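Visitor: One structure, pasted below without further comment.
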Amino acid sequence: MGRLAVAAAVAAWAIPIAALVDSIVPDPYMDEIFHVPQAQHYCRGDFLTWDPMITTPPGLYYISLAYLASLFPGAWAIKVAEAFDPLCTTALLRSTNVIMAMVCGVLVHDLLLCIKPGIGKTKATAYAILVALYPVHWFFTFLYYTDVASLASVLAMYLSCLKKRFWVSALFGALSILFRQTNVIWMIFFAANGAIAYVQDLSLSDCLSDENSEPTDKSRTEVSDRDSKVSALGLRRRRTNHPISERGVVSGSTKSHTSFTEELFDIGFKIWNSKCKVLITFAPFAIVLVAFGAFIIWNGGIVLGAKEAHVVSPHFAQLLYFGLVSATALLPWHFTPGRVSDLFHWCRKNKTFSSLAMLIALGLSFVAVHLFSIAHPYLLADNRHYTFYIWRKVIQARWMMKYILIPLYVYSWFSVINILGKSQPRVWVVSFVFSVALVLVPAPLVEFRYYTIPLVILVLNSPVIGNGKLLALGSAYAAVDLFTLAMFLFRPFHWGHEPGTQRFMW
């Protein structure tokens, strides 16, 4: 069990299903009508032609070019193609994402072993297969969209940063921005938390070197006699007096009684003391960030094309939707009697704080729902997506329905934050929530595809669940996958007198 098993499992279902999709829907569909012709321009060596309806950079087309170039020698040898251009068919361009889905599975496997060293290869393999089955990610494996490759590049950036290969991580960060501009937020998130871990390691090593450099006979006696009470108390006292103290730096946890403000000051103090080393080590991320800023100035905004349909908007309700969707998609973590009981006991232990937090969350959620719920024209007019029906049949079913959902939104976010807080420092959790807000709030269109990257990060940093729950969730994912695929392939419909067949999809 391991990387090979994950890649083989993904390939086992992805290749035959991709062939089925290509046989029934051979022509570009939905956003593919923009991406496929643009990629074919690149295949012909025409890098100057650009479709003004495409909103994302050309990262997907570059990856497809590299992938198809690797196939060309073999295709030429067996006389399938005597030139490069004929290889750029819709089917082969779509197969780029099949390869990327396999890469995503392997990266999730490696990330789990890095974040949770005790999880074991078998469990990491099961988790990776579960993520590969996540319905939104699974469906877009078979179409020529940017989402799967975008996720792969972000996961590669995350893994490289955790392994302290910061130059490699920054390169993957630059690549991820070429797939989707908002990935710059995840680059900043990984780099910032990587910098915090870096200075904490430096501070810890300084602390240990100070302890080991004490020249007295007493120190030597204490080090040699580790089981004695004097040694234990002496070591504890010295560590308590040091800025690191007993804050679980080694484990990456900040389960201390210090306030969040003190924690921030402590991190700021450490970064300032090691500012030269931090600047040199994390300079690659700064270079990418400066280049991205130059792009925004040159482009006049973050979106490349169709700017009138993607105007930055204060869509704060989008953050609430993500909380509920992610908690529902990760149901065994968030919607079980045990989870409800845990949150209830936590609220009872922290009555004042939890009551105040609950009131603030409910109040802010009400404001977000009442004033900042945006119904994008695409959402209202396009009945080919789940979001169209959820908006009309659930959120807009009655005037009060959107307000009735507020407690669910708040519960979902409380559960997400509480679970993350068990395995990550408070600064990490706050920066994650802030990053999700920066990615989602400016987006006026409700798209479940936008939720995939933060949801996968949630899975990677949530507690390990039992095999039974994993199997149940994987089975539920598979059922949704097959239902959506069947609707897409075998239940086409028409829009009045408009030409062309329409299909249901995420």
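The values are calculated or read from the model by the stated rules, or taken from the named source; none is laboratory data. Predicted, not measured: the structure shown is a model, and the values here were computed from it. Ideal geometry is used to build each Cβ from the backbone, glycine not excepted, and the neighbour counts take in all protein chains shown. Note: areas computed on protein heavy atoms with side chains; ligands, DNA, RNA excluded. Shrake-Rupley method; radii C 1.70, N 1.55, O 1.52, S 1.80 Å.
Visitor: Any residue in segment 259-281 that's assigned to a helix (DSSP H, G or I): show its pairings with residues that are open to solvent by 70 Å² or more (accessible area, probe 1.4 Å) at Cβ separation under 6 Å, as long as the two are six or more apart or on different chains.
Guide: Phe260/Arg426
Visitor: Sort out which residues of segment 189-199 are open to solvent by 20 Å² or more (accessible area, probe 1.4 Å) and either touching a helix residue (DSSP H, G or I) at 6+ places or on another chain (Cβ under 7 Å) or of a type in the set (Ser, Thr, Tyr) (or both), and write them in order of number. Can you show your working first?
Guide: Step one: of segment 189-199, the residues open to solvent by 20 Å² or more (accessible area, probe 1.4 Å) are 192-193, 196-198.
Result: Ala192, Asn193, Ile196, Tyr198.
Visitor: Also, quick follow-up: Which members of segment 457-506 meet the condition of being open to solvent by 60 Å² or more (accessible area, probe 1.4 Å) and in contact with a Lys or Arg (Cβ under 9 Å, 6 or more places away or on another chain)?
Guide: Val464, Asn467, Arg491, Pro492
Visitor: Please determine, by comparing only the residues of segment 347-361 that are surrounded by 14 or more Cβ atoms within 10 Å (Cβ to Cβ) and out of contact with any Cys (no Cβ under 6 Å at 6 or more places or on another chain), which one is nearest to Pro463 (Cα to Cα). Even if it seems obvious, please write down each step before you answer.
Guide: Restricting attention to segment 347-361, the residues satisfying the condition of being surrounded by 14 or more Cβ atoms within 10 Å (Cβ to Cβ) are 347, 354, 357-358, 361.
After this cut, where a residue has to be out of contact with any Cys (no Cβ under 6 Å at 6 or more places or on another chain) as well, the list is 347, 357-358, 361.
Working: Cys347: 20, Ala357: 24, Met358: 24, Ala361: 24 Å.
The extreme case among them is Cys347.
Visitor: From the list Phe282, Phe322, pick out the single residue that is open to solvent by less than 50 Å² (accessible area, probe 1.4 Å), among the aromatic types (Phe, Trp, Tyr), at pLDDT 90 or above and in the same structural domain as Thr55 (by the TED database). First the steps, then the outcome.
Guide: Values: Phe322 fails: in the same structural domain as Thr55 (by the TED database).
Sole residue among the options that is open to solvent by less than 50 Å² (accessible area, probe 1.4 Å), among the aromatic types (Phe, Trp, Tyr), at pLDDT 90 or above and in the same structural domain as Thr55 (by the TED database): Phe282.
Listed here are the residues, each with its yes/no results for (1) under 13 Å from Tyr127 (Cα atoms); (2) in a helix (DSSP H, G or I); (3) outside the structural domain of Leu319 (by the TED database).
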residue: Val427; (1), (2), (3): no, yes, no
residue: Val430; (1), (2), (3): no, yes, no
residue: Val446; (1), (2), (3): no, no, no
residue: Tyr450; (1), (2), (3): no, yes, no
residue: Ile457; (1), (2), (3): yes, yes, no
residue: Leu471; (1), (2), (3): yes, yes, yes
residue: Leu485; (1), (2), (3): no, yes, yes
residue: Gly500; (1), (2), (3): no, no, yes
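Residues checked against (1) at pLDDT 90 or above; (2) under 28 Å from Ala368 (Cα atoms):
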site	(1), (2)
Leu289	yes, no
Ala306	no, yes
Val311	no, yes
Gln318	yes, yes
Leu330	yes, yes
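Visitor: I'd like to know if segment 389-400 contains one or more residues that are among the polar types (S, T, N, Q) and surrounded by fewer than 18 Cβ atoms within 10 Å (Cβ to Cβ). Working first, answer last.
Guide: Residues of segment 389-400 among the polar types (S, T, N, Q): 396.
Okay, now just the ones that are also surrounded by fewer than 18 Cβ atoms within 10 Å (Cβ to Cβ), so 396.
Within segment 389-400, one or more residues are among the polar types (S, T, N, Q) and surrounded by fewer than 18 Cβ atoms within 10 Å (Cβ to Cβ).
Visitor: Out of (1) modelled with pLDDT under 95; (2) more than 16 Å from Met30 (Cβ to Cβ), what's the single condition that is false for Gln502?
Guide: The one condition Gln502 does not meet is (2).
Visitor: Additional query: Collect the residues in segment 79-91 that are among the aliphatic types (A, V, I, L, M), part of a helix (DSSP H, G or I) and at pLDDT below 90, keeping them in residue-number order.
Guide: The answer is Leu87, and nothing else.
Visitor: Tell me, please, whether a residue that is in contact with a Phe, Trp or Tyr (Cβ under 7 Å, 6 or more places away or on another chain) and open to solvent by less than 60 Å² (accessible area, probe 1.4 Å) can be found in segment 19-27. Let's see the steps before the verdict.
Guide: Our first condition is that a residue be in contact with a Phe, Trp or Tyr (Cβ under 7 Å, 6 or more places away or on another chain); within segment 19-27, this holds for 21.
Keeping just the survivors that are open to solvent by less than 60 Å² (accessible area, probe 1.4 Å) gives 21.
Checked against the condition, which is being in contact with a Phe, Trp or Tyr (Cβ under 7 Å, 6 or more places away or on another chain) and open to solvent by less than 60 Å² (accessible area, probe 1.4 Å), segment 19-27 yields at least one hit.
Visitor: Considering Phe434, Phe366, which residue is of a type in the set (Phe, Trp, Tyr), touching a helix residue (DSSP H, G or I) at 6+ places or on another chain (Cβ under 8 Å) and outside the structural domain of Phe189 (by the TED database)? Please lay out each step first, then the result.
Guide: Working: Phe434 fails: touching a helix residue (DSSP H, G or I) at 6+ places or on another chain (Cβ under 8 Å).
None of the other options fit; the residue is Phe366.
Visitor: Restricting to segment 391-420, and then to whatever is in a helix (DSSP H, G or I), of a type outside the set (A, V, I, L, M, F, W, C) and over 26 Å from the mean Cα position of the chain (by Cα), can you tell me which residue is nearest to Gln318 (Cα to Cα)? Write out each step before concluding.
Guide: Taking segment 391-420 first, the residues in a helix (DSSP H, G or I) are 391-395, 401-404, 406-420.
Filter again for of a type outside the set (A, V, I, L, M, F, W, C), leaving 392-393, 402-403, 407, 409, 411-412, 415, 418.
Checking which are over 26 Å from the mean Cα position of the chain (by Cα) leaves us with 392-393, 402-403.
Details: Arg392: 16, Lys393: 18, Lys402: 13, Tyr403: 14 Å.
So the residue we want is Lys402.
Visitor: To continue, here is another question. Filter segment 35-76 for residues that are over 25 Å from Phe292 (Cα atoms) and either open to solvent by 70 Å² or more (accessible area, probe 1.4 Å) or hydroxyl-bearing (Ser, Thr, Tyr) (or both); which is modelled with the highest pLDDT?
Guide: Restricting to residues being over 25 Å from Phe292 (Cα atoms) and either open to solvent by 70 Å² or more (accessible area, probe 1.4 Å) or hydroxyl-bearing (Ser, Thr, Tyr) (or both), the top hit is Tyr67.
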